Amino acid sequence: MQVNDEFSVTVEKLSNLGLGIAKIDGMIVFIDHSCPEDNLLIRITKVNKNYAYAEIKDIITPSPHRIEPFCPMQKVCGACQLQFIDYCYQLKIKQDIVKDAMRTIGNFDLEIPLPIASPEIKEYRCKIQYPISQTKVSKRILAGYFKPKSHEIVNIKYCPIQPQICDKIIDFIREKGVELGILGYNEKTHKGELRHIVIRYSKYNDKILLTLVVNSDKISKEINKLSKELFDEFNNIIGVCINFNTTKSNLIMTNKTKTVIGCDFIEEKLIDKVFSFGASSFFQVNPKSAENIFKYVKDYISNNFNKPTIFDAYAGVSTFGIVLSDVCKRVVSVEENEEAVLWAKKTIINNNISNIEINNSDAEKFFENELRNNNEKFDITIIDPPRKGSTEKTLDNIIKLTKDKIIYVSCNPATLARDLKYLISKGAKLESIQPFDMFCHTYHVESVAIIDLKDVNK
C-alpha cells in the first residue's frame with residue numbers, strides 16, 4: 001500500500017475520534033467524513049506501519065444512515081463531525097465507542113445501553129468560543145471555528161447548534177469592530193487586539209454574558225466603546241467583560257477579567273436549582289442534556305439510599321452537590337479554583353441550602369488531610385474529572401474515603417475504561433455504565449459509571 005493508491009472499501013465502524021474504519025488486506029484504514037456501511041472509493045493519503053489514512057474519492061453506495069447535514073458549513077467547519085449521520089444512528093455509534101473502550105482498554109464486557117439523547121439537537125450549545133482573525137487586504141474581521149487540522153478560521157455567519165441571537169451578536173462585532181478600527185488577532189505575528197469572543201447563554205432566562213478576549217493588559221477606548229454599544233444594542237446581554245490574554249499560546253482565557261458594563265455573572269437552572277457563574281467558570285455546555293445526567297444520578301441515590309453523606313470531588317461550582325442536596329444528609333465539596341468556589345457559595349445562599357460544606361483546596365491535599373485527621377467515610381463519592389481522567393493515587397484515596405459507591409462521570413470513554421480497570425483490580429465491582437449525548441453531532445460522549453466498593457479491602 002502506498003500514498004495515492006486507490007481502493008474500494010466498506011466502512012465497518014467509526015473510531016473514538018469519529019473516523020471511519022475499513023480494512024485492506026488486514027491493515028486498518030482511517031477515513032474522514034465516512035459512515036458505517038458506506039461503500040467508498042478511497043485514495044490513500046498517509047501510510048504508517050500498522051495503519052493508513054485515506055480520503056473519499058467517490059461514494060459508490062452511501063450508507064442508509066447518511067443524511068444531508070442541516071448546516072451548509074458542516075464539511076469545512078470542524079465543530080460537528082457527525083452531522084451528516086442520522087441522529088438516532090449517532091447514538092448507536094457513541095454506544096459502540098463506549099463498548100469498544102471498555103472491551104479493548106478495560107478488558108471487560110458489560111451491557112452498554114444507548115446514550116440518553118439530548119432533548120435538543122439544534123441551538124443546544126450555550127457556550128460559544130470563537131477565535132478572531134482578520135483578512136490581509138480588506139481587513140474584514142473573521143470569527144468562527146477552525147477548519148479541521150488547521151488554524152484557518154471558517155467565518156461562520158450562521159451556526160444552527162447555537163442560539164440564533166449569538167449569530168447576530170457576532171455579526172455586530174464583525175461590522176462594528178471594523179468601523180472602530182479594531183484589529184483581529186494574528187497568532188503568527190502576535191499582533192491584533194481582539195483574540196476571542198466568548199458567549200455564555202442562559203436557557204433559563206434567555207440572557208447572555210459576553211466576554212471579549214484582548215491581546216493587551218488594558219482596555220482600549222475602541223474596545224470600551226464596542227462593549228458599551230453591544231450592551232445598548234442587545235437586550236439579551238446583561239454584562240460585557242474583558243479578558244486580558246497576552247500569552248503566545250492557544251489559551252483562550254486567562255484568569256484576568258474585568259467587567260466593563262452590567263453584570264459579571266449569568267444564571268442557569270438545572271432541575272429545581274438556579275446556579276450563578278462567571279465568565280470563565282466551568283458550566284455545562286448543554287444544560288438540557290446535563291439535566292438528564294443530574295436526574296439520573298439523583299434518582300439512583302433516592303432509590304438506593306436514605307439520606308446518604310456525599311463527597312463531591314473536583315466539584316467546580318458544586319453542581320452535583322447542590323442538585324443532590326435535598327436527597328442527602330450532608331455534602332462535602334472540594335474544588336481548587338477559587339472563583340468556582342465563590343460562585344458555588346453564592347448559589348448555595350440563593351437556593352437556601354444549608355447542608356453543603358465547600359472546601360477551596362487541592363483535591364489530593366484534601367484527601368490526605370481527611371485520611372490523616374478524620375475518621376469519617378462517605379456513603380457516596382462523585383468524581384467528574386477532566387478528559388485525562390483520574391490518577392491511581394486519587395482513586396486509592398477515594399476508595400479509602402468511601403463506604404459504598406463511587407459515581408464516576410466521564411467525558412472520555414478511554415480514560416474511564418482505564419480507571420475502571422484499576423478500580424476493579426482493587427476489588428471494586430462495576431454496577432452499570434449509562435452514556436449520555438451532551439455534544440450532539442460530534443464523536444464526544446459522556447458516561448456515568450456506578451461502582452460498588454462494598455467488597456473492597458480498605
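The values are calculated or read from the model by the stated rules, or taken from the named source; none is laboratory data. Just so it is clear, the model here is predicted, and its values are computed rather than measured. Note that each Cβ is placed from the backbone with ideal geometry, even for glycine, and that neighbours are counted across all protein chains shown.
Which ones in segment 20-33 are in a loop (DSSP other than H, G, I, E, B) and under 25 Å from the mean Cα position of the chain (by Cα)?
The first filter runs over segment 20-33 and keeps only residues in a loop (DSSP other than H, G, I, E, B), leaving 25-26, 32-33.
Within segment 20-33, ASP32, HIS33 qualify.
Yes or no, residue by residue, for (1) more than 27 Å from TYR296 (Cα to Cα); (2) buried (at least 16 other Cβ atoms within 10 Å of the Cβ):
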{"residue": "GLU68", "(1), (2)": "yes, no"}
{"residue": "PRO72", "(1), (2)": "yes, no"}
{"residue": "PHE84", "(1), (2)": "yes, yes"}
{"residue": "ILE116", "(1), (2)": "no, yes"}
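Quickly run through segment 10-51 and pick out the residues that are more than 28 Å from PHE439 (Cβ to Cβ) and either of a type in the set (A, V, I, L, M, F, W, C) or modelled with pLDDT under 95 (or both).
ILE24, ASP25, GLY26, MET27, LEU41, ILE44, VAL47, ASN48, LYS49, ASN50, listed by residue number.
So, in segment 328-359, of the ones that are assigned to a loop (DSSP other than H, G, I, E, B) and either at pLDDT 95 or above or in contact with a helix residue (DSSP H, G or I) (Cβ under 9 Å, 6 or more places away or on another chain) (or both), which residue ends up surrounded by the most Cβ atoms within 10 Å (Cβ to Cβ)? Even if it seems obvious, please write down each step before you answer.
Initially, segment 328-359 is screened for residues assigned to a loop (DSSP other than H, G, I, E, B), giving 328-329, 336-337, 351-355.
Next cut, either at pLDDT 95 or above or in contact with a helix residue (DSSP H, G or I) (Cβ under 9 Å, 6 or more places away or on another chain) (or both) only: 328-329, 336, 351-355.
Values: CYS328: 23, LYS329: 13, GLU336: 17, ASN351: 18, ASN352: 6, ILE353: 16, SER354: 9, ASN355: 15.
The residue in question is CYS328.
Listed here are the residues, each with its yes/no results for (1) more than 21 Å from the chain's Cα centre (by Cα); (2) closer than 21 Å to CYS77 by Cα; (3) assigned by TED's automatic domain parsing to the domain that holds ASP32.
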{"site": "ILE141", "(1), (2), (3)": "yes, yes, no"}
{"site": "ILE153", "(1), (2), (3)": "no, yes, no"}
{"site": "ASP171", "(1), (2), (3)": "yes, yes, no"}
{"site": "ARG174", "(1), (2), (3)": "yes, yes, no"}
{"site": "ASN186", "(1), (2), (3)": "yes, yes, no"}
{"site": "GLU233", "(1), (2), (3)": "yes, no, no"}
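Considering segment 183-217 alone, what residues qualify as being over 19 Å from ILE266 (Cα atoms) and not in a strand (DSSP E or B)?
LEU183, TYR185, GLU187, LYS188, THR189, HIS190, GLY192, GLU193, ASN215, SER216, ASP217
Out of the residues in segment 34-64 that are of a type in the set (Ser, Thr, Tyr) and over 30 Å from the mean Cα position of the chain (by Cα), which is farthest from LEU82 (Cα to Cα)? Reasoning before the result, please.
Our first condition is that a residue be of a type in the set (Ser, Thr, Tyr); within segment 34-64, this holds for 34, 45, 51, 53, 61, 63.
Among the residues that remain, those that are also over 30 Å from the mean Cα position of the chain (by Cα) are: 45, 61.
On the way: THR45: 21, THR61: 18 Å.
Step by step, filter segment 34-64, then rank; the result is THR45.
So in segment 259-276, with the set limited to residues that are under 18 Å from TYR124 (Cβ atoms) and among the hydrophobic types (A, V, I, L, M, F, W, C), which one is surrounded by the most Cβ atoms within 10 Å (Cβ to Cβ)?
In this case the residue turns out to be PHE275.
Run down TYR130, TYR145 and say which single residue is farther than 20 Å from GLU291 by Cα, of a type in the set (Ser, Thr, Tyr) and either modelled with pLDDT under 95 or part of a loop (DSSP other than H, G, I, E, B) (or both).
Working: TYR130 fails: either modelled with pLDDT under 95 or part of a loop (DSSP other than H, G, I, E, B) (or both).
Selected residue: TYR145, the only one of TYR130, TYR145 that is farther than 20 Å from GLU291 by Cα, of a type in the set (Ser, Thr, Tyr) and either modelled with pLDDT under 95 or part of a loop (DSSP other than H, G, I, E, B) (or both).
Tell me, please, whether a residue that is buried (at least 20 other Cβ atoms within 10 Å of the Cβ), under 22 Å from the mean Cα position of the chain (by Cα) and not in a strand (DSSP E or B) can be found in segment 366-383.
Within segment 366-383, not a single residue is buried (at least 20 other Cβ atoms within 10 Å of the Cβ), under 22 Å from the mean Cα position of the chain (by Cα) and not in a strand (DSSP E or B).
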